[in-house]
Amino acid sequence: MQENIAGSVSSPQKPCLVQTPQGFSVSYQNRFLYSKYAPSRAISGAVKSLTILPGTLILALSPALWLGLEELLQKLPEDCFVLGIEADENLHGFAQERLTELKKSGTNLAHDKVALLPFYENDFIVNILSGERPVEGLNIPHISTFRRSIPLEMSAGTQFCKEQYLALASLAQNTVASFWKNRITLTKLGRLYSRNLFKNLANIPCTVDLRELAHKISQPIVVFGAGESIEETARNIPKALLEKCFVIAVDAASPSLKAMEIKIDAIVAVEGQLAIEKAYIGGVAKSSLIIADITSRKAVTRHTQKSITYFASKYTDSIFFKHLTQKEFFPPTVPPLGSVGLTAVYIALLLRESVNVPVFVTGLDFSFSLGRTHAKNAPAHIARLSTANRLNPAENYGAAFRTGAKKILGKNNIPVFTDTALEGYAKGFMDTFKSLPNLYDCGAQGIPLGIQQIASEKVKAYLETIKDSSSSYRGTEGLGNLPSNENLLHFASTGENVTLTVREYLEAEEKALNRIKELLMFGKDVASCSCSLEDELESLIAPREYLFLHFPDGYKCQTNDLSFLKRVRGQIDFFLKDIKNSIAQDSGI
């Protein structure tokens with residue numbers, strides 16, 4: 001028997017079954033995917049040792065014969081699902097045929113608990129799990145069903161594409177984790193974001209369209225975060241040289257730059273809460289373009305005498321937000337990057353004329369030194385100074401020793417402190433920007449950002465080569481000739497047509513909310529003759545997730561649940577007030 005087995009491994013082009021003393025194995029590319037003697041022993045042992053909690057998505061990597069599947073399904077607690085993933089096209093076809101046979105065989109296989117991801121959909125696993133990409137015949141439960149994802153190697157086929165399997169497993173795990181992380185954020189801030197959105201819509205007719213500003217900056221761009229490294233950058237690069245650049249600051253960094261007498265061309269604002277108002281004390285934004293998230297606090301836009309432009313962070317995948325993005329008046333969307341620093345860099349790359357225009361970032365440290373958390377004169381620093389006394393010193397030592405904080409070796413071998421959230425932002429920066437050309441980190445300390453580091457002295461030398469705004473010049477290695485700068489702060493507003501469109505949208509929402517309110521208060525007495533009360537409520541509430549996306553269970557519309565409807569009723573008056581105020585402002589009342 002062993003000789004027959006050995007003789008059958010002669011470089012098959014496709015996987016083939018091989019008889020062994022204890023069942024079938026698979027031979028493919030000169031190797032066995034299971035043991036030559038007891039094919040199911042290893043996978044059965046792996047399944048037996050696996051700890052599976054309720055709400056687990058199990059990724060069956062390279063399932064081949066699906067050995068161990070029955071034991072796995074028998075062990076599954078509630079709300080679990082097995083998703084097979086095969087990265088080799090030949091093995092995928094083989095696994096699909098075997099799964100079809102198992103489902104037809106009349107065994108105890110639970111048809112609704114297992115599926116194989118189509119081979120050409122592997123690259124879209126994030127979109128599929130999040131529900132953005134439906135696939136015919138693939139009925140995976142909604143992502144809210146799962147609390148975690150765990151990989152399980154079902155055969156040795158994983159060795160053919162090991163890195164791809166690891167990447168797919170990581171993407172699935174991150175997708176599930178991100179869903180719940182976003183749910184926590186939306187539960188805390190979702191209603192605030194939505195209310196700010198409706199308040200800011202009234203401003204749109206008086207603002208510059210960000211699309212008109214895109215690819216217009218031809219001078220070097222410097223992005224300032226609020227980290228300590230901006231102090232070293234400002235010491236080494238005279239403000240006269242920085243005036244040759246287009247300076248973008250996150251809002252928390254603007255008081256520090258004002259204290260250093262550095263002119264700020266644009267301030268990026270994403271914060272929706274009252275606390276950010278401290279960053280605008282002293283008129284720091286008076287002469288700056290404010291580039292604001294549509295969900296940010298509306299009041300901050302009053303601090304400038306220059307222009308305002310909006311972008312929209314995709315804070316939700318809801319129907320109402322998707323409908324808004326299709327409106328002509330709605331600002332362009334950007335990915336939900338989580339950090340104002342990352343968003344500022346994203347905006348800078350959008351504004352630069354071409355990839356030849358250098359973008360320098362500093363103050364995006366995602367870390368801090370002992371006793372400090374931000375640059376001098378940042379709101380956090382001023383707050384410490386204003387409350388300091390003998391028992392509460394200005395130095396914030398507690399930040400370095402709080403739960404989750406840790407000491408690491410950062411850029412230029414400078415030890416710094418960080419925490420899980422800050423490390424997550426740094427990783428997000430690397431994942432988003434690491435491969436982009438002419439993006440430089442000139443901050444002297446902090447977590448490495450995965451882009452080219454450049455000393456501030458070298459940036460100074462580069463800026464000194466720029467004679468005036470009309471001259472062509474060459475910069476550091478890799479940069480081409482850069483054209484002259486244009487004034488971006490005096491574009492015409494988006495016009496009367498947009499005013500009309502915004503008002504029409506707001507009035508339609510007001511009418512819909514009043515109708516929902518009426519139906520919830522009077523029920524069948526005011527129900528339409530053309531459809532049932534339940535159907536009309538569903539049609540009105542489901543596409544207006546802003547009414548409930550901040551509920552703990554706000555990822556689903558439950559119009560058949562009385563408790564859900566009562567909670568929705570409690571939100572309507574808040575949004576009606578905001579919408580009516582926006583309509584009044586738009587009308588000039």
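A few comments on the model shown:
- Subset of segment 543-559 [in contact (Cβ under 8 Å) with a residue 12 or more places away in the chain and buried (at least 16 other Cβ atoms within 10 Å of the Cβ)]: ARG544, GLU545, TYR546, LEU547, PHE548, LEU549, HIS550, PHE551, GLY554, TYR555, CYS557, THR559
- Among the residues of segment 423-444, those that are under 19 Å from ALA375 (Cβ atoms) and open to solvent by less than 40 Å² (accessible area, probe 1.4 Å) comprise ALA426, PHE429, ASP441, CYS442, GLY443, ALA444.
- Residues of segment 276-286 satisfying the condition of being more than 15 Å from SER256 (Cβ to Cβ) and open to solvent by 70 Å² or more (accessible area, probe 1.4 Å): LYS286
- Scope segment 197-216; condition at pLDDT 95 or above and open to solvent by 10 Å² or more (accessible area, probe 1.4 Å); matching residues: LYS199
- Any hit, segment 332-339, residues being at pLDDT below 95, within 22 Å of GLU231 (Cβ to Cβ) and buried (at least 19 other Cβ atoms within 10 Å of the Cβ): yes
- Some residue of segment 340-357 being open to solvent by less than 30 Å² (accessible area, probe 1.4 Å) and out of contact with any strand residue (DSSP E or B) (no Cβ under 7 Å at 6 or more places or on another chain): yes
- If only residues of segment 126-161 that are part of a helix (DSSP H, G or I), closer than 22 Å to ARG98 by Cα and not hydroxyl-bearing (Ser, Thr, Tyr) are counted, the one that is most open to solvent (accessible area, probe 1.4 Å) is GLN159.
- Any hit, segment 441-452, residues being at pLDDT 90 or above and of a type in the set (Asp, Glu): yes
- Any chance LEU166 is in contact with a Phe, Trp or Tyr (Cβ under 7 Å, 6 or more places away or on another chain) and assigned to a helix (DSSP H, G or I): no
- Close pairs (9 angstrom Cβ cut-off, 6 or more residues apart or separate chains): in a helix (DSSP H, G or I) in segment 561-577, among the small types (Gly, Ala, Ser) and surrounded by 13 or more Cβ atoms within 10 Å (Cβ to Cβ) anywhere: PHE575/SER194
- When the residues of segment 513-535 are filtered to those that are under 13 Å from ARG569 (Cα atoms) and under 35 Å from the mean Cα position of the chain (by Cα), the one that is surrounded by the fewest Cβ atoms within 10 Å (Cβ to Cβ) is ASN514.
- Residue among GLN219, GLN164 that alone is open to solvent by 30 Å² or more (accessible area, probe 1.4 Å), farther than 29 Å from SER367 by Cβ and touching a residue at least 40 places away in the same chain (Cβ under 8 Å): GLN164
- Whichever residue in segment 1-23 is surrounded by 15 or more Cβ atoms within 10 Å (Cβ to Cβ) and of a type in the set (A, V, I, L, M, F, W, C) and, among such residues, is modelled with the highest pLDDT: VAL18
- None of LEU91, LEU33, LEU76, LEU65 is surrounded by 21 or more Cβ atoms within 10 Å (Cβ to Cβ), at pLDDT 80 or above and either in contact with a Lys or Arg (Cβ under 7 Å, 6 or more places away or on another chain) or on the phi > 0 side of the Ramachandran plot (or both) except LEU65.
- Tally, over segment 393-419, of residues that are surrounded by 11 or more Cβ atoms within 10 Å (Cβ to Cβ), modelled with pLDDT under 90 and of a type in the set (S, T, N, Q): 2
- Residue in segment 76-96 that is closer than 19 Å to TYR34 by Cβ, in contact (Cβ under 8 Å) with a residue 12 or more places away in the chain, in contact with a Pro (Cβ under 8 Å, 6 or more places away or on another chain) and among the acidic types (Asp, Glu) present: yes
- Complete set of residues in segment 94-106 that are open to solvent by 30 Å² or more (accessible area, probe 1.4 Å) and either out of contact with any helix residue (DSSP H, G or I) (no Cβ under 8 Å at 6 or more places or on another chain) or part of a loop (DSSP other than H, G, I, E, B) (or both): PHE94, GLN96, GLU97, ARG98, THR100, GLU101, LYS104, SER105, GLY106
- LEU364 fulfils the conditions (1) over 23 Å from the mean Cα position of the chain (by Cα); (2) buried (at least 19 other Cβ atoms within 10 Å of the Cβ); (3) of a type outside the set (Ser, Thr, Tyr) except for a single criterion, (1).
- Some residue of segment 244-264 being open to solvent by 20 Å² or more (accessible area, probe 1.4 Å), part of a loop (DSSP other than H, G, I, E, B) and in contact with a strand residue (DSSP E or B) (Cβ under 9 Å, 6 or more places away or on another chain): yes
- Segment 287-307, residues that are of a type in the set (Ser, Thr, Tyr) and either open to solvent by 10 Å² or more (accessible area, probe 1.4 Å) or not in a loop (DSSP other than H, G, I, E, B) (or both): SER287, THR301, THR304, SER307
- Qualifying residue in segment 381-394 (condition: touching a residue at least 40 places away in the same chain (Cβ under 8 Å) and within 24 Å of THR207 (Cα to Cα)): no
- Failed criterion for GLY272 (all others in (1) in a loop (DSSP other than H, G, I, E, B); (2) out of contact with any helix residue (DSSP H, G or I) (no Cβ under 7 Å at 6 or more places or on another chain); (3) not hydroxyl-bearing (Ser, Thr, Tyr) hold): (2)
- Flag for ILE267 being without any contact (Cβ under 8 Å) to a residue 60 or more places away in the chain, farther than 30 Å from GLY131 by Cα, β-branched (Val, Ile, Thr) and open to solvent by 10 Å² or more (accessible area, probe 1.4 Å): no
- Complete set of residues in segment 369-379 that are in contact with a strand residue (DSSP E or B) (Cβ under 8 Å, 6 or more places away or on another chain), in contact (Cβ under 8 Å) with a residue 60 or more places away in the chain and surrounded by fewer than 24 Cβ atoms within 10 Å (Cβ to Cβ): SER369, ARG372
The values are calculated or read from the model by the stated rules, or taken from the named source; none is laboratory data. Owing to the predicted nature of the structure, the values given are computational and were not obtained by experimental measurement. Glycine also receives a Cβ, built like all others from the backbone with ideal geometry; neighbour counts cover every protein chain displayed. Accessible surface is based on the protein model in full, side chains and every heavy atom, while ligands, DNA and RNA are left aside. Shrake-Rupley method; radii C 1.70, N 1.55, O 1.52, S 1.80 Å.
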